[in-house]
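Just below is one structure, and these are the notes that go with it.
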């Protein structure tokens, strides 16, 4: 650990915030963000949250971004989900932002290898991995 005028660093030589942890962290009991009281869940957030957003217009295999904005104005695209077994609990929300062309979602989704977000619509789909396949949580067509 390193304590400096910037803060406390764990596994980092130079902390850049009040608490800077480099590497994986395990929090036991409850984690409160933005509040010192009132946590009734394992993770309690008081305030807003930000998500990673990825804009795509070509075929892509998803990785760490949570929200995908897909522009199909130049043609059909394929969005490949990572193997569900490698990302148990991960969620993706995929939004088609142009009406033309299609998006093929590739992966083991609700026991099907592909799903299509069709042309003429600005569809969206929210998915979650249970560790063996992807499940559709919600869809808007």
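The values are calculated or read from the model by the stated rules, or taken from the named source; none is laboratory data. A quick note: this is a predicted structure, and the numbers were derived from the prediction, not measured. Note that each Cβ is placed from the backbone with ideal geometry, even for glycine, and that neighbours are counted across all protein chains shown.
Condition (residue is free of Cβ contacts under 8 Å to residues at least 24 places away in the same chain, on the phi < 0 side of the Ramachandran plot, touching a strand residue (DSSP E or B) at 6+ places or on another chain (Cβ under 9 Å) and loosely packed, with under 14 Cβ neighbours inside 10 Å) applied to the range 84-102: is it met by at least one residue? Spell out the reasoning first.
Just the residues of the range 84-102 that are free of Cβ contacts under 8 Å to residues at least 24 places away in the same chain, to begin with: 86, 99.
Adding the requirement that they be on the phi < 0 side of the Ramachandran plot leaves 86, 99.
Okay, now just the ones that are also touching a strand residue (DSSP E or B) at 6+ places or on another chain (Cβ under 9 Å), so 86.
Next cut, loosely packed, with under 14 Cβ neighbours inside 10 Å only: 86.
Looking through the range 84-102, at least one residue is free of Cβ contacts under 8 Å to residues at least 24 places away in the same chain, on the phi < 0 side of the Ramachandran plot, touching a strand residue (DSSP E or B) at 6+ places or on another chain (Cβ under 9 Å) and loosely packed, with under 14 Cβ neighbours inside 10 Å.
Quick check on my filter: what residues within the range 103-132 are assigned to a loop (DSSP other than H, G, I, E, B) and either at pLDDT 95 or above or not assigned by TED's automatic domain parsing to the domain that holds residue 78 (or both)? Lay out the reasoning, then the answer.
Of the range 103-132, the ones assigned to a loop (DSSP other than H, G, I, E, B) are 110-111, 118-123, 130-132.
Passing the criteria: 130, 131, 132.
Could you please let me know if residue 131 is at positive phi, in contact (Cβ under 8 Å) with a residue 24 or more places away in the chain and crowded, with 16+ Cβ neighbours inside 10 Å? Write out each step before concluding.
Values: at positive phi: yes; in contact (Cβ under 8 Å) with a residue 24 or more places away in the chain: yes; crowded, with 16+ Cβ neighbours inside 10 Å: no.
Spelling it out, it is not the case that residue 131 is at positive phi, in contact (Cβ under 8 Å) with a residue 24 or more places away in the chain and crowded, with 16+ Cβ neighbours inside 10 Å.
So residue 64 fits all but one of (1) in the same structural domain as residue 107 (by TED's automatic domain parsing); (2) surrounded by 10 or more Cβ atoms within 10 Å (Cβ to Cβ); what number is the exception?
(2)
Which one of these is closer than 17 Å to residue 140 by Cα and under 16 Å from the mean Cα position of the chain (by Cα): 62, 105?
After applying the criteria, what remains is 105.
Tell me whether the range 11-29 contains one or more residues that are closer than 19 Å to residue 115 by Cα and surrounded by 10 or more Cβ atoms within 10 Å (Cβ to Cβ). Can you show your working first?
Step one: of the range 11-29, the residues closer than 19 Å to residue 115 by Cα are none.
Checking the range 11-29: not a single residue is closer than 19 Å to residue 115 by Cα and surrounded by 10 or more Cβ atoms within 10 Å (Cβ to Cβ).
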